[in-house]
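Some notes on the structure that comes next.
The values are calculated or read from the model by the stated rules, or taken from the named source; none is laboratory data. These numbers were taken from a predicted model, which means no experiment stands behind them. Every residue, glycine as well, gets a Cβ built from its backbone with ideal geometry; the counts of neighbours run over all protein chains shown. Areas reflect the complete protein model, heavy atoms only, side chains present, ligands, DNA and RNA absent. Shrake-Rupley method; radii C 1.70, N 1.55, O 1.52, S 1.80 Å.
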Amino acid sequence: MNSAIPVSDVLIVGSGAAGLMFAAHISKYHNVSLITKDAATESNTRYAQGGIAAVLSIDDSYSKHIRDTLKAADGYGNPEAVNTLVKEAPARIFDLICMGVDFDRLTDNALQVTREGGHSDKRVIHVGDMTGQAIESALWNSVRKENLIVYDHETVTNLLVSNNVCYGVESIDRSGNVRKHYAKAVFLATGGAGQMFSKTTNPEIANGDGIVMAECAGAVVKNLEFIQFHPTVLALKNAPCFLITEAARGEGAKLINLQGYRFMQDYHTSGELAARDVVSRAIVSEMEKTSAEYVYLDMTHKSKDFIENRFPTVTSTLLKYDLHPEKDRIPVAPAAHYFCGGVHTDIDGRTTVDGLYAGGEVACTGVHGANRLASNSLLESVVFAYRAAVNADRRIRYLPNDWFRKLDHLTQETPRTWVMNNQKVDIIRAMKKELQRVNWKYCGIIRTDKGLRKGLQLIGHISKQFHQINGFSNGDNDAIALRNLIKLSELVYRAAIARRVNAGTHYNCDCVLNHKKD
Ligand code: FAD
Ligand code: SIN
């Protein structure tokens, strides 16, 4: 069934920090449709713990935040984008506070700032260890509801593009109907792709949908080989990959190997607060040396009160596994965390397809280059989503209301249905698990030429198997996710194989280092 939906001025895909910041601004002036594939509150944003970075103290400076961000990016950062990010950060933080985000404060009412890896100063503000949830709910409250229609549990499957102009999306609603949404501007805010890997901090929604859809629609995608692995994720058998925030190390937590040795100083002068790629590789090396599947994060020098107040979510989760961080060392290991590359945009969120904007983790603004500085991604989401909304506002005012009709006329093809019969769901899930295992093994923290070629070949087999399954019908999100993960994996392997120099998160034993990090 193919039912047309009335046109809206603007269409947003995704309800994380980027989608909602865009919505909060643009809904003041225009009617908005927001499509999101799970519950409206589900996103990576919701799980963000550590905080959001910004220069807010007189001891800190823009130039230091710019320098730290570019240093983490390891030669691949775009200085114009970084400059914009850092200098517009205080204004967006002020917006968030006005929207009701109650960042933690000191007794004199000053914002409480902490340090995270790669930052030369304390500049991460937070709401306990639930910063993402606080930002998400304040943004939701700030969207003009009278101008907004939310389509939740509806999955966007492809972008409607004609002559390099995007005029809407095709989606599958919760009942399995394929439908088209038309708009004068589309904002892609579908987040990351941690589900490419068997170990990830990301929830089920993070399948790289936006990158794949944009690439299929002809948009330029970039830096796909740069995938960040978070060093400290709970490593217990039968426990989920729960993140233990880097802010714990910012507050003094130490990394200890199974022989009780504090090892980070052997790898970098910044110790536990070195950039994430350095810490993740160091942990892998220590795990190999000690034949273990984890190292320990040790906060036992901190009081129970301090840990409970500063990290309530971490503490309550650890308690479920009978771990008491004030007296127990926590077993941790790295897991896939953040997709540094994505859909190429300029600093106003414009992709290379006219009318298609992208923001947040799906986008590649150039801010992160080869590696993202901690707590810069919530910031990137709000800074560039805001800029994209300002730009889209102008576009919407300029175009006539029924402009899309002519374009849609040109592309009256049968809607593509990528989805499988529900009865195949077990096969699809098994294939996804296999893809995640292959990617973890061959495209993870430490890569080799041989491994990358092998991984690409195995993904090719999975792809073939996927396309041989008969019985396509509507309504299965698992199949859509797998289709996108297969395509994205192929793109990532090709990018990783082509990158002959190591930088940031991309580390191939058969390549040379980009340059020595100090
Ligand atoms: P998301 O918040 O992931 O939102 C994506 C949205 O798109 C979701 O609503 C999803 O359902 C929807 N969607 C996806 N595909 C489709 C589709 N096909 N159709 C319709 N809807 C779709 N960053 C920081 O700066 N500081 C932190 O402290 C921090 N902590 C983190 C902790 C964890 C555990 C994780 C996983 C990430 C953390 N990050 C942190 C990273 C940060 O949370 C994300 O990069 C950021 O929130 C991304 O926001 P977003 O709006 O781009 O995407
Ligand atoms: C964390 O809290 O460690 C995550 C911070 C981030 O990903 O920026």
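Is it fair to say residue 174 is touching a His at 6+ places or on another chain (Cβ under 7 Å) and at pLDDT below 90?
Working: touching a His at 6+ places or on another chain (Cβ under 7 Å): yes; at pLDDT below 90: yes.
Criteria met by residue 174.
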Of residues in segment 422-455 being among the polar types (S, T, N, Q) and within 25 Å of residue 468 (Cβ to Cβ), the one most open to solvent (accessible area, probe 1.4 Å): 423
Pairs, first on the phi < 0 side of the Ramachandran plot in segment 369-383, second polar (S, T, N, Q) and near ligand 1 (Cβ under 6 Å from one of its atoms), C-beta under 9 Å, six or more apart: 377/44; 378/45; 378/131; 381/45
Any hit, segment 94-107, residues being within 16 Å of ligand 2 (Cβ to nearest atom), open to solvent by 10 Å² or more (accessible area, probe 1.4 Å), on the phi > 0 side of the Ramachandran plot and not β-branched (Val, Ile, Thr): no
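For every residue, the table says whether it meets (1) modelled with pLDDT under 95; (2) over 25 Å from residue 178 (Cα atoms).
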residue	(1), (2)
457	no, yes
471	yes, no
477	yes, no
482	yes, no
496	no, yes
506	no, yes
511	yes, yes
Members of segment 125-177 that are basic (Lys, Arg) and either near ligand 1 (Cβ under 10 Å from one of its atoms) or part of a loop (DSSP other than H, G, I, E, B) (or both): 144, 174
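Per-residue answers, yes or no, for (1) without any contact (Cβ under 8 Å) to a residue 40 or more places away in the chain; (2) of a type in the set (Gly, Ala, Ser):
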site	(1), (2)
234	no, no
239	no, yes
242	no, no
254	no, no
263	yes, no
275	no, yes
Lone unmet requirement of (1) open to solvent by 40 Å² or more (accessible area, probe 1.4 Å); (2) closer than 20 Å to residue 127 by Cα; (3) part of a helix (DSSP H, G or I) for residue 302: (3)
Top-ranked residue in segment 337-386 [being within 18 Å of residue 169 (Cα to Cα), assigned to a strand (DSSP E or B) and open to solvent by 10 Å² or more (accessible area, probe 1.4 Å); ranked as farthest from ligand 2 (Cβ to nearest atom)]: 354
Subset of segment 307-336 (residues that are open to solvent by 40 Å² or more (accessible area, probe 1.4 Å) and touching a Phe, Trp or Tyr at 6+ places or on another chain (Cβ under 6 Å)): 329
The lone exception for residue 272 - which of (1) in a loop (DSSP other than H, G, I, E, B); (2) open to solvent by 10 Å² or more (accessible area, probe 1.4 Å); (3) within 16 Å of ligand 2 (Cβ to nearest atom) it fails: (1)
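What about residue 245, is it open to solvent by less than 10 Å² (accessible area, probe 1.4 Å), part of a loop (DSSP other than H, G, I, E, B) and among the hydroxyl-bearing types (Ser, Thr, Tyr)? It would help to see each step written out before you state the result.
On the way: open to solvent by less than 10 Å² (accessible area, probe 1.4 Å): yes; part of a loop (DSSP other than H, G, I, E, B): yes; among the hydroxyl-bearing types (Ser, Thr, Tyr): yes.
Judged against the criteria, residue 245 is a match.
Residue-by-condition table, conditions (1) open to solvent by 30 Å² or more (accessible area, probe 1.4 Å); (2) away from ligand 2 (no atom under 16 Å from the Cβ); (3) at pLDDT below 95:
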position: 15; (1), (2), (3): no, yes, no
position: 19; (1), (2), (3): no, yes, no
position: 22; (1), (2), (3): no, yes, no
position: 26; (1), (2), (3): no, yes, no
position: 30; (1), (2), (3): no, yes, no
position: 39; (1), (2), (3): yes, yes, no
position: 43; (1), (2), (3): no, no, no
position: 51; (1), (2), (3): no, no, no
position: 55; (1), (2), (3): no, yes, no
Test for residue 220: is it touching a strand residue (DSSP E or B) at 6+ places or on another chain (Cβ under 7 Å), open to solvent by less than 10 Å² (accessible area, probe 1.4 Å), farther than 19 Å from residue 381 by Cβ and not acidic (Asp, Glu): no
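Quick grid of which residues meet (1) among the β-branched types (Val, Ile, Thr); (2) within 16 Å of ligand 2 (Cβ to nearest atom); (3) on the phi < 0 side of the Ramachandran plot:
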| residue | (1), (2), (3) |
| --- | --- |
| 113 | yes, yes, yes |
| 116 | no, yes, yes |
| 128 | no, yes, no |
| 140 | no, no, yes |
| 143 | yes, no, yes |
| 146 | no, no, yes |
| 159 | no, no, yes |
| 163 | no, no, no |
Extreme residue, most open to solvent (accessible area, probe 1.4 Å), among residues of segment 176-205 that are within 16 Å of ligand 2 (Cβ to nearest atom), more than 10 Å from the chain's Cα centre (by Cα) and of a type outside the set (S, T, N, Q): 199
